[in-house]
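> Once you've had a glance at the structure underneath, I'll fire off some questions.
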């Protein structure tokens, strides 16, 4: 098999298996599996993405492949179709056919043979979509949004700012410079404009892991995502003029959520040398962050922007760790942060 085709064929086979996973869980959990349709929709979208990638490599039109097939959207889709999915004999049969058809790609080693298999696979794919009670159009829309959010650099003009319309004293400064000062005691103090802010921090774990510098991450979120309930609290820039925003976006729970995200990412980062040399963040990890922050303003930020905030934040963290202190410069207009040494 040509090397160019192997990764996407492996992707088709793997995602076909992933498309079966929600049905497997449905057997086990029944109506308690309330995220069945959302999970199935995402997996079918990922499978379509790999199938379209194979079509591109074969110089075939994905539109022409599907327009030759008969298909009608189910009259009942999504959660409304749960009663039809249980028991799921039709779903099981359709998914089994999908898996079997995906496996056929693995045995083919000539482009022309792969081309002959494309239309039959598209047919069983649509059968499985229909049987599962999903909307093919919704699958494509969701996958397009997911792909753009993960891989396409966002247009800065279209990104949310969250502070627009608030007075200056309720906005995180457009530019900020915050100094990290590590005392002989090991405690880390923050200073802005000559004034100490927040409480001094230690690692709060043995052995130490430099988590005392983790406010760097909040500054990265504030500068790049324009979101940080933690930094707002430290700078006393909560948006109190709007009660809903003050309570729900800048309140204690939002602060806990942000601290939780930082701790989650740090736990992973320790295993990969704090992202040194990394040019991307695993998608599964970004999905956890996305799920963790659901319901807060930051959910409007694409995963691509989250990835940048994480990688840039850890670059600054590594410099801060190596020098035992320094200054973080944040520029919200440029959506950037940088480290500045304070050594003579």
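> On average, how much area does the Cα convex hull of the stretch 217-276 cover when viewed from any direction, in nm²?
Convex hull of Cα atoms, orientation-averaged projection: 4.3 nm².
> Also, quick follow-up: Rounded, prolate or oblate: which one fits the stretch 229-326, using the alpha carbon gyration tensor with axes a ≥ b ≥ c (rounded when a/c is under 1.5, else prolate when a/b beats b/c, else oblate)?
Judged from the Cα gyration tensor, the stretch 229-326 comes out oblate (a/c at least 1.5, b/c at or above a/b).
> If eta is 1.002 mPa s and T is 20 °C, what Stokes-Einstein diffusion coefficient results for the stretch 6-152, Kirkwood Rh from Cα pairs, in µm²/s?
Calculated translational D: 138 µm²/s.
> While we're here: Out of every Cα-Cα pair in the stretch 155-264, what percent are more than 19 Å apart?
Tail of P(r) above 19 Å: 48 percent of Cα pairs.
> Apply the Kirkwood formula to the stretch 271-344: the hydrodynamic radius equals the inverse of the mean of 1/r over all pairs of different alpha-carbon atoms; give it in Å with one decimal. Can you show the working numbers first?
Numbers: mean 1/r = 0.0729 Å⁻¹.
One decimal place: 13.7 Å for the Kirkwood radius.
> A follow-up question, please. Using only DSSP helix segments of four residues or longer, with each worth -39500 (n - 2.57), what per-residue ellipticity at 222 nm results for the chain after dividing by its residue count and rounding to 500?
So the calculated ellipticity at 222 nm is -16500 deg cm²/dmol.
> Right, here's the next one. What percent of all Cα-Cα pairs in the stretch 157-340 falls in each 10 Å bin, counting up from 0?
Histogram of Cα-Cα distances, whole percents per bin: 9, 39, 38, 12, 1.
> With just the Cα atoms of the stretch 1-65, tell me how far they stretch along each of the three principal axes, in Å, largest first.
43, 24, 12
The numbers here are math on the coordinates, done by the rules we state, and not lab data. Everything numeric here is computed off the predicted structure, so don't read it as measured data.
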